[in-house]
Amino acid sequence: MQAVEIVYSLLAGRSRKPGTAHEVYAPANIALVKYWGKRDEAINLPVTGSLSVSMADRGTYATVEPAEAFSLWIDGVEQDVATKASKRMAAYLGLFGGPFRLSTRTTIPIGAGLASSASAFAAVVRALDALYGWDLDVVSQSILARLGSGSACRSVLNGFVEWRLGERADGMDSHALPIDVRWPSFRLGLIAVSEAAKPIGSREAMRHTRETAGLYAAWPDVVARDLPEMRAAIAARDLTQLGEVAEGNAMAMHATMIAARPSVCYWLEESLTTLRRVWALRADGLAVYATMDAGPNVKLLFDVRDEAAIRSAFPAVQVVNPFGA
Ligand code: PMV
């Protein structure tokens, strides 16, 4: 199945005439049970389900307007259209006709390693929706965002979100759904280890891990065990359970890629120093857990009651309240 066929079928009968452009927003998200591996690379169908929490006011604003030629503006600065990231976005927008001028600005303070593509693709879907007046439901938005970047399918919703694996070859049942639990004292802490570009993108790293890491065979079983435990932890607002499952799941994901040949290791020295600090604090009784994605940055999971202790242990931490206003 090709991405363009999915777009056609989801947009069948909807307007092809652009109206007025609007700036729209989508939050970034952090996976608590990770997506690692595609069963269909063309339309980003995952090997397993995954579960995330959206970052409320940390994300991407986007405006899409019809234009003579594709251009990409980030924080008011025109970008080189020849970079890999620009070409990828141009190709994605091409699925919807165009050409377009895309302007984005981000409220994620610590740069590229932080789920910025997820919020960007979700915001672009919403910007197209606003431009054409499609009024797409969340499921359609999620499927369209998934075509840009798998994890983007979770960025069309706030709070806790599950990406259902689905079983259909056309991916129409592989999309995000909300988890109806508010947890106002739950906090994320963002620790910026490096803003340098990643040595290898998630798409290639997933493929390489699947193809060369014997350990990857165990990954679907890890997720099959972790997903129900994570749902239960969220339902019970049990930080210990949530933290243990999220941290263990992230370590297992990194273990699969470290075991690839050659190894893919996104960790820098400071990532490991930060992880060790988290483990030492926990040994001293502080309820703080860590997760990491396809990059060196570390994200902390904790409760607001421990915010002062977290800030004193990690002075540079950016604290996010996923259920804040
Ligand atoms: O959506 P992608 O291709 O950027 O992949 C994201 C993969 C992880 O961030 C490592 C895990 C996840 O579920 O977000």
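Summary of computed values
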| item | result |
| --- | --- |
| Single unsatisfied condition, ILE143 versus (1) surrounded by fewer than 17 Cβ atoms within 10 Å (Cβ to Cβ); (2) closer than 30 Å to ALA90 by Cβ | (1) |
| Test: residue in the range 7-30 that is free of Cβ contacts under 8 Å to residues at least 24 places away in the same chain and aliphatic (A, V, I, L, M) | yes |
| Cβ pairs under 8 Å, 6+ apart, first in the range 260-279 and farther than 13 Å from PHE314 by Cα, second among the small types (Gly, Ala, Ser) and not in a helix (DSSP H, G or I) | ALA260/ALA213; ARG261/ALA213; TYR266/ALA294; TYR266/GLY295; LEU268/SER194 |
| Search result, residues across the range 10-47 that are within 15 Å of the ligand (Cβ to nearest atom), in contact with a Phe, Trp or Tyr (Cβ under 7 Å, 6 or more places away or on another chain) and more than 16 Å from ALA145 (Cβ to Cβ) | TRP36, GLY37 |
| Test: residue in the range 264-286 that is surrounded by fewer than 16 Cβ atoms within 10 Å (Cβ to Cβ), touching an Asp or Glu at 6+ places or on another chain (Cβ under 7 Å) and not in a helix (DSSP H, G or I) | yes |
| Scan of the range 203-229 for residues that are surrounded by fewer than 20 Cβ atoms within 10 Å (Cβ to Cβ) and among the polar types (S, T, N, Q), ordered by number | THR212 |
| Residue match in the range 66-83 (condition: of a type outside the set (D, E, K, R) and within 16 Å of the ligand (Cβ to nearest atom)) | no |
| Filtered residues of the range 283-325 (kept if farther than 20 Å from ILE234 by Cβ and among the basic types (Lys, Arg)) | ARG311 |
| Criterion (more than 16 Å from the ligand (Cβ to nearest atom), within 22 Å of LYS299 (Cβ to Cβ) and assigned to a helix (DSSP H, G or I)) met by exactly one of ALA246, ALA233 | ALA233 |
| Residues of the range 82-93 that turn out to be in a helix (DSSP H, G or I) and exposed (fewer than 15 other Cβ atoms within 10 Å of the Cβ), as a count | 3 |
| Residue check for GLY295: closer than 26 Å to PRO178 by Cβ, of a type outside the set (Asp, Glu) and within 19 Å of the chain's Cα centre (by Cα) | no |
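Any read-out appearing in this document is the output of simple, stated calculations on the displayed coordinates, not a laboratory observation. Quantities reported herein were computed from a predicted structural model and do not represent experimental measurements. Neighbour counts are summed over all protein chains in view; Cβ atoms, including those assigned to glycine, are modelled from backbone coordinates with ideal geometry.
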